[in-house]
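Trainee: Sharing a structure here in structure tokens format.
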Amino acid sequence: MKNSYSMVLCAVVALAIAWSGGAFPAEKMKVVVVTGGHGFEEKPFGDMFGSFQNLDCTFVALKDESEIFEDIAKWPYQVIVLYNMSQGISEKRQENFVRLLDQGVGLVVLHHAIAAFADWPEYRKIIGAKYWLKDTVEDGVKHPQCQWKEGVDMKMHVEDASHPIMAGIKDFTIHDETYKGYNLEPDNHLILSCDEPGSQKEVAWTRAYRNAKVCFIQPGHGAATYVDENYRRVVLHAIEWVVAK
């Protein structure tokens, strides 16, 4: 009787391992996708994240610009994806945001989120860039308002084919919105570039901030990009990379 039970138990375990490809399914990564402060096509954007089967995504539409960082005592997410262009963030929320990065929470920043929290100087150090919303004089240097143009065929060039985010990615073209004129931190690691005259050359990079991995991806304006398989791979790989140890 005991031998029969053991045989059945072994068979069940073997079937489970075979079903899972040799190992039990890994727990899905918990990701929070933050929006607010800028309009976007919600359904195709959500569909893109819904196609990432290894992610457990929670969407948070900010109501008062930064409330997600008000209380992080029971923070459940491994990755923050910023797709917001909200501006207000209190000193407490700034400190909480940085504390999450200190704890190793990964950060992926998409498209117009480069222009979020414009009055918080540390934000440019976190994401690796400063987008100028208007003509600005800072420390005696004049920075003209950044430029943008919708509906552009952007030829994307892989700058570091060895980087995990670029795995399986070759040069590709997407129809999106260009940005130009933002300032960059010198320690960014460029992974994608664009030679369109209306675009900044540097359109995707990685960096480290405190104990966090950070990736910025400039394209991401609308549905034509959300459905692009190359873009989806880059976003998914970026999320996976920022949590990899």
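Trainee: Go through Gln145, Ala118, Met156 and say which Cα lies farthest out towards the positive end of the charge dipole of the chain; charges sit on Cβ, +1 for Lys and Arg, -1 for Asp and Glu.
Mentor: Met156
Trainee: Also: Please report, in debye to the nearest 20, how large the charge dipole of the chain is about its Cα centre when each Lys and Arg carries +1 at its beta carbon and each Asp and Glu carries -1 there. Intermediate results must be reported in sequence, preceding the final value.
Mentor: On the way: 25 positive and 33 negative charges, 161 e Å.
Result for the chain is approximately 780 debye, rounded to the nearest 20.
Trainee: Now, a different point. From the phi angles alone, apply the Karplus equation (6.51, -1.76, 1.60; θ = phi - 60°) to the range 113-130 and give each ³J(HN,Hα) in whole Hz, x where the residue is Gly or Pro.
Mentor: Computed from phi, the couplings for the range 113-130 are 5, 4, 9, 6, 6, 4, 8, 9, x, 5, 4, 5, 6, 5, 8, x, 7, 10 Hz.
Trainee: Using a Förster radius of 30 Å, what is the FRET efficiency between Asp119 and Ser162 based on their Cβ-Cβ separation? Nearest 0.05, please.
Mentor: Working: r = 37 Å, r/R0 = 1.25.
The value I calculate is 0.20.
Trainee: Still on this structure: Could you give the angle, 0 to 90 degrees to the nearest 10, between helix 2-19's Cα long axis and the longest principal axis of the Cα atoms of the chain?
Mentor: Taking Cα atoms only, the helix is inclined about 30 degrees.
Trainee: Something else: Could you calculate the FRET efficiency of Lys92 with Phe59 from 1/(1 + (r/R0)^6), where r is the beta carbon distance between them and R0 is 25 Å, rounded to 0.05? Kindly include the intermediate steps, with their values, before the conclusion.
Mentor: Details: r = 24 Å, r/R0 = 0.94.
After rounding to 0.05, the efficiency reads 0.60.
Trainee: Work out from phi, with θ = phi - 60° and the Karplus expression 6.51 cos²θ - 1.76 cosθ + 1.60, the ³J(HN,Hα) of each residue of the range 166-179, listed in order in whole Hz, and give x for Gly and Pro.
Mentor: Karplus-based 3J(HN,Hα) across the range 166-179 equals 8, 4, x, 9, 10, 3, 8, 10, 10, 9, 8, 10, 8, 10 Hz.
Trainee: Just from its helices, what would the mean residue ellipticity at 222 nm be for the chain, if runs of 4 or more DSSP H residues each count -39500 (n - 2.57) and the sum is divided by every residue, rounded to the nearest 500 deg cm²/dmol? Walk me through the numbers before you get to the answer.
Mentor: Working: 6 runs with 65 residues, N = 245.
Computed ellipticity for the chain at 222 nm equals -8000 deg cm²/dmol.
Trainee: Now for a different question. Could you list the residues of the range 166-196 with an amide nitrogen less than 11 Å from a label point located 7 Å from the Cα of Ala224 in the Cα-to-C-beta direction?
Mentor: So the set is 174-178.
Trainee: Remind me, relative contact order of the range 36-90 in percent, using alpha carbon pairs under 8 angstrom and six or more residues apart? Could you put the intermediate results ahead of the total?
Mentor: On the way: 32 pairs, mean separation 29.6, N = 55.
Normalised by residue count, the contact order of the range 36-90 is 54 percent.
Trainee: Trypsin sites (Lys or Arg not before Pro) within the range 22-74: which are DSSP loop residues with at most 13 other Cβ atoms inside 10 Å? Write down the numbers at each step before the final one.
Mentor: Numbers: sites: Lys28, Lys30, Lys63, Lys74; in loops: Lys28, Lys63, Lys74.
Sites meeting the loop and neighbour criteria: Lys28, Lys63, Lys74.
Trainee: Let me ask something else about it. With respect to the cross-link table entries Lys149/Lys170; Lys180/Lys245; Lys213/Lys245; Lys30/Lys125, which display a Cα-Cα separation exceeding 21 Å?
Mentor: Details: Lys149/Lys170 24 Å; Lys180/Lys245 33 Å; Lys213/Lys245 9 Å; Lys30/Lys125 25 Å.
Distance filter (> 21 Å) returns Lys149/Lys170; Lys180/Lys245; Lys30/Lys125.
Trainee: Right, next: Rounded to the nearest 0.05, what FRET efficiency is calculated for Asp195 and Ala244 with R0 set to 30 Å and r the Cβ-Cβ distance?
Mentor: Numbers: r = 30 Å, r/R0 = 1.00.
With a Förster radius of 30 Å, E is 0.50.
Trainee: Roughly what % of DSSP beta bridges within the range 2-243 run antiparallel, to the nearest 5? All intermediate terms of the calculation are to be shown ahead of the outcome.
Mentor: On the way: 26 of 47 bridges.
For the range 2-243, the DSSP antiparallel bridge percentage is about 55.
Trainee: Just flag the trypsin sites (Lys or Arg not before Pro) in the range 199-228 sitting in loop per DSSP whose Cβ has no more than 15 other Cβ atoms within 10 Å.
Mentor: On the way: sites: Lys201, Arg207, Arg210, Lys213; in loops: Lys201, Arg210.
For trypsin sites (Lys or Arg not before Pro) across the range 199-228 that sit outside H, G, I, E and B with at most 15 neighbouring Cβ atoms in 10 Å, the list reads Lys201, Arg210.
Trainee: Next question, about the same structure. Please check the chain for the longest run free of GluC sites (Glu not before Pro) that are loop-located per DSSP (anything but H, G, I, E, B) and have at most 12 other Cβ atoms within 10 Å. Provide the component values of the computation, followed by the final result.
Mentor: Details: sites that count: Glu27, Glu70.
Longest site-free region, per DSSP loop and neighbour criteria: 71-245.
Every number here is computed from the coordinates shown, using simple stated rules; none is lab data. Everything numeric in this text was worked out from a predicted model, so none of it was measured. Glycine also receives a Cβ, built like all others from the backbone with ideal geometry; neighbour counts cover every protein chain displayed.
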